[in-house]
Amino acid sequence: MADPPSRYTSLPARYNGTGNFSEWSQRFRICCTANNWTDAQALTRLPTLFEDAALAVWLGIRDDQKADLQTALNAMQRELAPEESVAFDMFSTRAWKPESESLDTFAYSLRQLLEASQLNLNEAARESLLVSRFIAAMPSTLQSDLRKQRVTLQNLKDALRTAKRNYSIDGSLIGNG
């Protein structure tokens, strides 16, 4: 027997067409599970969470692409995702904003952009590219420290851990929980 309806509803923030739709749709799915919504119920609620460009995209999607939740989410993803070349350009120029984002958030963003670029890379090449871009985006003193340790940094997680340790020694690491 299903759980009785709750007075409380879990919802992701409204989506306006900017930011990572894949991540937003994962949050939406988590909320659907928390709310015990069927896919049909989730599908009726989905467009109520869109605004601005995302709502315009939703309204432009054909009815057959709204037949079920997964098809609708896939259609939105196709329309909202940057083209592969644009995603790689964004990856290549992505800068870390230490005043407003943690190292963890920056590393996650790099990984999402590289995945969106859909490059055909094996895991080692993918991690090497992520580590190189991560290091290149760091402030010069931290960049220098990371380059000296590059041979030991096998993946983005290693680079992130080392950057956090080295940066926190300076006493300037922002909240990385």
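Results, tabulated for the structure shown:
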item	result
Solution diffusion estimate, µm²/s, Stokes-Einstein, the stretch 84-169, Kirkwood Rh from C-alpha pairs, 4 °C, viscosity 1.567 mPa s	100 µm²/s
Globularity index of the stretch 45-138, i.e. its alpha-carbon radius of gyration over 2.2 N^0.38 Å	1.32
Per-bin percent of Cα-Cα distances, the stretch 54-109 [5 Å]	4, 16, 18, 14, 14, 15, 12, 6, 2
Shape metrics for the chain, restricted to C-alpha atoms - Rg then Dmax, Å	19.7, 59
Prolate/oblate/rounded call for the stretch 21-80, Cα gyration tensor, a/c under 1.5 rounded	prolate
For the chain: lysine pairs under 19 Å (alpha-carbon distance), excluding those fewer than 8 apart on one chain	4
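Since every read-out is calculated from the coordinates, none of them should be taken as a lab result. Treat the numbers as computed from the prediction; the structure is a model and nothing was measured.
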